[in-house]
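Reviewing the structure listed below.
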C-alpha cells in the first residue's frame, strides 16, 4: 500500500492515509515521501471527502472509516483495482504468479528490462537490492507485477492477480497455501485457470514444466505457452550447472539451442528456474540474449531471500522469508550446497495463516534434512487458528529428534538465543525462516554472542 501511495504521489496525486500501527521502516519511508498518515482510524479523517479511497485487504467491516465510507457512498476501490486503473492500463502487463518464487522472479524480470534500458514500471512484494525499493513508475510501456493469489479486499474476494489484465503471465508453481482463503488445492487451481483465461491470444504464458498443477491449469490457454524447468521437455533449461561460492553458473539452453553461459548470484536450483522464467519473458520482449545474460550477472538479490545479516564471533547469520515447506526445503538445500561442511542452525517460526495450522505437520519433518540443528518457537498468534487445527511445534521437534536431528521447541526468543549462545561455535551458520520480523532475533543473538566473548 505504501509503495502504491508513493507511485501515485509521483504521478501528481495528493495522498494521505490511515493505519492502526505505523512503525519503521514503513513510517520512515512514508515520511521521506512526504505522505501524511493518521495513526488509528476516525471518520473525521474523511473530511473533507477525498476523491477516492483505496482499501487494503486487512481492513474489514466494522472499521469506523469503512462504515463512514459506506454510509456516505464515498468512492472506493481495492489496491489491485487501483494498480490496474492507475499503473497498468495503457502498458503491457507482465504478471508473475505461483506459490513460491514470485518476488525473486518479478525482481529478475524488472532488473533485466531495466538493464536493457526499457525503463519498466514495477510493483514487487520485496525489495530488490538493484533498485533499493519495491516499485517504479517507469515510462517505457511495460508494467511488471508480483501477482498474488490472495484475495483483494473485504468487498472483493477474488485473487489479486485477476485484476491485473495480464498480457504476459508466469506460473512458477502451484501448491496448497493460504488456508484462510482456499479450502483445497483444487480451489487454488481454479483461481489460476481464471488467470490463464485472461491472457490474450497475442500474449504469452510461461509455465514451469516440472510442476504438474501449473502444467494442468495452462492446458486451455488461448495464447502461446512456453515452458521452463529441469524436465527434458522444457523449452528453457539450464545445463552444466556449477554451484559457486556466491550462487550458480550454468549454460542456458532454449529448445536445444545453446545460448551461452551465465553466472547467477543466487544459490539453488529453484533460483535457476526463476531465472529461466525471467529469461523467457525477456527473450519474448525482444531483449538480446547477451544483454539478458549480462543482466543476470549483475543481479544483487532481494532483501530477506537468503540474505546475509551479519557476523558475530565467527558465526554468520542469514535471514529468509520462507515459510511454506517447499520453499524452506529448497532454500536449505541451496544453503547446504553453499556450506557443505559447516554446521547449520535453522530457526523456523510458524507464522503464516497456513503454517499456523497443522496442514503440513507431517511434511515439515522432512523439510529440515539439510540443517544440523533446528529450533522452533511457539506458533505466532495461535488465537488466529480455528479450534483443533493448531500446528504443534513440540510435535515437530519430537519428530525431528526421532528422525535423528538435533531439535528443540523453545518457549520464546530469549530461550532460543540462550540455547544458541551455548551451542554455537566459530564457523557455524544460522538461518531464520519467517514471514515476519521474528522478534528481532538476529540483533538479539549478535548482541548476546558479542557480550559472551567480550
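The values are calculated or read from the model by the stated rules, or taken from the named source; none is laboratory data. Since this is a predicted model, take the numbers as computed values, not measurements. Please note: Cβ atoms are built from the backbone with ideal geometry, for glycine as well, and neighbour counts cover all protein chains shown.
See the values below:
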read-out	value
Residue within segment 173-186 that is outside any helix (DSSP H, G or I), closer than 13 Å to residue 98 by Cβ and in contact with a strand residue (DSSP E or B) (Cβ under 6 Å, 6 or more places away or on another chain) present	yes
Residue check for residue 386: out of contact with any helix residue (DSSP H, G or I) (no Cβ under 8 Å at 6 or more places or on another chain) and closer than 20 Å to residue 364 by Cβ	yes
Filter result (surrounded by fewer than 16 Cβ atoms within 10 Å (Cβ to Cβ) and outside any loop (DSSP other than H, G, I, E, B)) within segment 360-389	363, 366, 382, 383, 384
Residue in segment 218-227 that is crowded, with 17+ Cβ neighbours inside 10 Å, over 21 Å from the mean Cα position of the chain (by Cα), without any contact (Cβ under 8 Å) to a residue 24 or more places away in the chain and outside any strand (DSSP E or B) present	no
Yes/no for residue 56 being within 30 Å of residue 149 (Cβ to Cβ) and under 31 Å from the mean Cα position of the chain (by Cα)	yes
Complete set of residues in segment 232-272 that are under 17 Å from residue 208 (Cα atoms), free of Cβ contacts under 8 Å to residues at least 24 places away in the same chain and surrounded by 13 or more Cβ atoms within 10 Å (Cβ to Cβ)	253
Residue list for segment 99-137, filter: buried (at least 24 other Cβ atoms within 10 Å of the Cβ), modelled with pLDDT of 95 or more and in a loop (DSSP other than H, G, I, E, B)	120
Criterion violated by residue 158 - all others in (1) in contact with a strand residue (DSSP E or B) (Cβ under 7 Å, 6 or more places away or on another chain); (2) outside any loop (DSSP other than H, G, I, E, B); (3) modelled with pLDDT of 95 or more satisfied	(3)
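Matching residues to (1) in contact with a strand residue (DSSP E or B) (Cβ under 6 Å, 6 or more places away or on another chain); (2) closer than 30 Å to residue 280 by Cα; (3) surrounded by 16 or more Cβ atoms within 10 Å (Cβ to Cβ):
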site	(1), (2), (3)
6	no, no, yes
16	no, no, no
31	no, no, no
78	yes, no, yes
89	no, yes, no
96	yes, yes, yes
